[in-house]
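Chemist: If you scroll down you'll find the structure; I have some questions about it.
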Amino acid sequence: MFLLALFIGFFGGLRSLTAPAATAWAVYLGWLKREGSLALVGSVPSVATLTVLAIMELVADKLPRTPSRTAPLGLIARIVTGGLTGACVAAGAAQGVFFGVLPGAIGGVAGCFLGYWARTGIVKALATRDIYIALLEDLVAIVGSVAVLRWIGMD
């Protein structure tokens with residue numbers, strides 16, 4: 001369970017609201033057990049709100065004036081959402097939520113910095129526009145989040 005919480009946090013580190021939106025959908029669709037606090041995460045208002053916020057983040061990430069994810073506010077957001085989604089993953093796998101908070105938060109930090117370094121490095125190495133690599137990173141965050149949550153749902 002540690003690794004799955006770490007991975008969902010990592011994908012949240014790439015895009016801070018993608019993993020929470022995917023988690024809300026996973027609970028809503030029944031991939032994760034709807035017990036206790038997870039019932040609130042999978043409610044229709046939560047799913048709708050997190051989905052809209054995640055889409056807004058995907059758009060905002062491409063704007064030239066968007067602050068770096070490694071700036072304090074962006075990093076804190078990734079720690080919080082990584083911890084939250086890690087807790088949901090642990091709870092959905094019938095583990096205590098506290099077993100998922102720390103690895104999720106660690107994954108959020110790792111995804112934040114590794115994603116930043118990979119994106120900037122690939123843009124330089126390929127001498128391409130940032131938006132192309134940013135869109136690829138969006139895809140990795142979405143597919144990775146769904147894959148982790150689907151894996152848990154198959155247990």
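Chemist: Going through the stretch 130-150 one residue at a time, which ones are surrounded by 16 or more Cβ atoms within 10 Å (Cβ to Cβ) and over 19 Å from Val59 (Cβ atoms)?
Modeler: Answer for the stretch 130-150, where residues must be surrounded by 16 or more Cβ atoms within 10 Å (Cβ to Cβ) and over 19 Å from Val59 (Cβ atoms): Gly144, Val146, Val148, Leu149.
Chemist: Could I ask something else about it? Filter the stretch 103-129 down to the residues that are over 19 Å from Phe10 (Cα atoms) and either surrounded by 21 or more Cβ atoms within 10 Å (Cβ to Cβ) or hydroxyl-bearing (Ser, Thr, Tyr) (or both) and list them by number.
Modeler: Step one: list which residues in the stretch 103-129 are over 19 Å from Phe10 (Cα atoms), which gives 123-129.
Result: Thr128, single match.
Chemist: In addition: In the stretch 92-102, what count of residues is obtained for those that are crowded, with 24+ Cβ neighbours inside 10 Å and either without any contact (Cβ under 8 Å) to a residue 24 or more places away in the chain or hydrophobic (A, V, I, L, M, F, W, C) (or both)? Steps first, please.
Modeler: First, the residues of the stretch 92-102 that are crowded, with 24+ Cβ neighbours inside 10 Å: 92, 100.
Still in the running and either without any contact (Cβ under 8 Å) to a residue 24 or more places away in the chain or hydrophobic (A, V, I, L, M, F, W, C) (or both): none.
Final tally of qualifying residues: 0.
Chemist: Is it fair to say Thr81 is touching a residue at least 12 places away in the same chain (Cβ under 8 Å) and either among the acidic types (Asp, Glu) or assigned to a helix (DSSP H, G or I) (or both)? Full working, then the answer.
Modeler: Numbers: touching a residue at least 12 places away in the same chain (Cβ under 8 Å): yes; either among the acidic types (Asp, Glu) or assigned to a helix (DSSP H, G or I) (or both): yes.
It is true that Thr81 is touching a residue at least 12 places away in the same chain (Cβ under 8 Å) and either among the acidic types (Asp, Glu) or assigned to a helix (DSSP H, G or I) (or both).
Chemist: Can you find a residue in the stretch 56-65 that is surrounded by 17 or more Cβ atoms within 10 Å (Cβ to Cβ), closer than 15 Å to Ala24 by Cα, touching a residue at least 60 places away in the same chain (Cβ under 8 Å) and not β-branched (Val, Ile, Thr)?
Modeler: no
Chemist: For a quick check of your reading of the model, give me the residue pairs whose first member lies in the stretch 27-39 and is of a type outside the set (Val, Ile, Thr) and modelled with pLDDT of 75 or more, whose second is open to solvent by 80 Å² or more (accessible area, probe 1.4 Å) and in a loop (DSSP other than H, G, I, E, B), with beta-carbon atoms closer than 9 Å and at least 6 apart or on different chains.
Modeler: Matching pairs, first to second residue: Tyr28/Arg34; Trp31/Met154.
Chemist: Show me the helices (runs of 4 or more DSSP H) found entirely inside the stretch 1-63 where at least 2 residues are among the β-branched types (Val, Ile, Thr).
Modeler: Details: elements: 2-14, 18-28, 38-41, 44-60.
So the answer is 18-28, 44-60.
The values are calculated or read from the model by the stated rules, or taken from the named source; none is laboratory data. Since this is a predicted model, take the numbers as computed values, not measurements. Neighbour counts are summed over all protein chains in view; Cβ atoms, including those assigned to glycine, are modelled from backbone coordinates with ideal geometry. Please note that ligands, DNA and RNA were not included when accessible areas were found on the heavy atoms of the full protein model with its side chains. Shrake-Rupley method; radii C 1.70, N 1.55, O 1.52, S 1.80 Å.
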